[in-house]
Amino acid sequence: MATQQGRTRKARKRTSSGQRSDTALLIIDVINDLEFPGGEAVLPWALRMVKRLGPFAASMRRAGVPVIYVNDNFGYWRSNFRDIYTHCTRPGIRGRDVARALKPQPDDYFILKPKHSAFFATSLVPLLDHLGTKKLILAGLATNLCIFFSAHDAHMHEYKLTVLSDCCAAESDEDHDLALSQLQRFLHVHVCRSDQVHPRAKRRRPTARRPKTAK
């Protein structure tokens, strides 16, 4: 009979190899200190976003859909995820509650980015290739900046895109709505609410390996 420790070990092994799926959820810049001009305006919208995005991400995990966090490195070039999370959850930091509520789970992926787009100078495309992903669901901060730039680059890479209107936030309704309308009009992005998406990961079989020839 397998022990709990043995089952955990096997689960970690499966996770490290990556469960292939045609769909992935990209969560952009939610581990964020919000300590920038305009951050105080983003905060109330971000807190509302958390109430939708947290449960939605959990439902994606249950469906076997990979959850990929792509986050700004805030100019800390020697940092890793743990450093960024610690920085954004210090007492008194404006974005602390958002970051703590949306902390990645052990099986999630995490990529640091240096600029607005999740694709620019990052390992996102090789990861998506490894997972066999062709469709992306975008959520996070801010709708008119990093979501907008990431959606443009995803379009250039010919991914099929969905942006969750209730799982993104910006400084104002006007900024949020204008960005979404531009994505719909010019990139034909599917924009909808999270409760209109029913996660079903289409699993892709790993590439078959050639049998070893006898020597």
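Assorted remarks:
- Within region 160-185, residues that are over 19 Å from Arg52 (Cβ atoms) reach partners that are part of a helix (DSSP H, G or I) with beta carbons closer than 8 Å, at six or more positions or on different chains, in the pairs Leu178/Asn144; Gln182/Phe148.
- Qualifying residue in region 199-212 (condition: at pLDDT 95 or above, part of a loop (DSSP other than H, G, I, E, B), surrounded by fewer than 20 Cβ atoms within 10 Å (Cβ to Cβ) and over 20 Å from the mean Cα position of the chain (by Cα)): no
- Members of region 112-159 found to be touching a residue at least 60 places away in the same chain (Cβ under 8 Å), of a type in the set (A, V, I, L, M, F, W, C), under 18 Å from Met49 (Cβ atoms) and assigned to a helix (DSSP H, G or I), listed by number: Cys146, Ile147
- Some residue of region 68-87 being touching a residue at least 24 places away in the same chain (Cβ under 8 Å), within 20 Å of Val197 (Cα to Cα) and hydrophobic (A, V, I, L, M, F, W, C): yes
- Close pairs (8 angstrom Cβ cut-off, 6 or more residues apart or separate chains): under 17 Å from Gln196 (Cβ atoms) and among the charged types (D, E, K, R) in region 47-58, at pLDDT 95 or above and in a helix (DSSP H, G or I) anywhere: Arg52/Ser194
Rundown of residues vs (1) exposed (fewer than 14 other Cβ atoms within 10 Å of the Cβ); (2) at pLDDT 95 or above; (3) of a type in the set (Val, Ile, Thr); (4) closer than 26 Å to Leu131 by Cα, yes/no style:
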{"position": "Gln4", "(1), (2), (3), (4)": "yes, no, no, no"}
{"position": "Thr8", "(1), (2), (3), (4)": "yes, no, yes, yes"}
{"position": "Lys13", "(1), (2), (3), (4)": "yes, no, no, yes"}
{"position": "Gln19", "(1), (2), (3), (4)": "no, no, no, yes"}
{"position": "Glu35", "(1), (2), (3), (4)": "no, yes, no, no"}
{"position": "Gly39", "(1), (2), (3), (4)": "no, yes, no, no"}
{"position": "Leu43", "(1), (2), (3), (4)": "no, yes, no, no"}
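- Filtered residues of region 123-157 (kept if among the β-branched types (Val, Ile, Thr) and surrounded by fewer than 20 Cβ atoms within 10 Å (Cβ to Cβ)): Val125
- Within region 85-111, being of a type in the set (Ser, Thr, Tyr), closer than 22 Å to Leu161 by Cα and either in contact with a Cys (Cβ under 6 Å, 6 or more places away or on another chain) or assigned to a loop (DSSP other than H, G, I, E, B) (or both) holds for no residue.
- Which numbered condition Asp107 misses (of (1) touching a residue at least 60 places away in the same chain (Cβ under 8 Å); (2) in contact with a strand residue (DSSP E or B) (Cβ under 7 Å, 6 or more places away or on another chain); (3) surrounded by fewer than 18 Cβ atoms within 10 Å (Cβ to Cβ)): (2)
- Criterion: modelled with pLDDT of 95 or more, more than 17 Å from Tyr85 (Cα to Cα), within 17 Å of the chain's Cα centre (by Cα) and outside any helix (DSSP H, G or I) - qualifying residue of Leu53, Leu25: Leu25
- Residue ID - surrounded by the fewest Cβ atoms within 10 Å (Cβ to Cβ), chosen from residues in region 62-104 that are under 12 Å from the mean Cα position of the chain (by Cα) and over 23 Å from Pro37 (Cβ atoms): Lys103
The values are calculated or read from the model by the stated rules, or taken from the named source; none is laboratory data. What you are looking at is a predicted structure, and each value in this text was computed from that prediction instead of being measured. We place every Cβ from the backbone using ideal geometry, glycine too, and count neighbours over all the protein chains shown.
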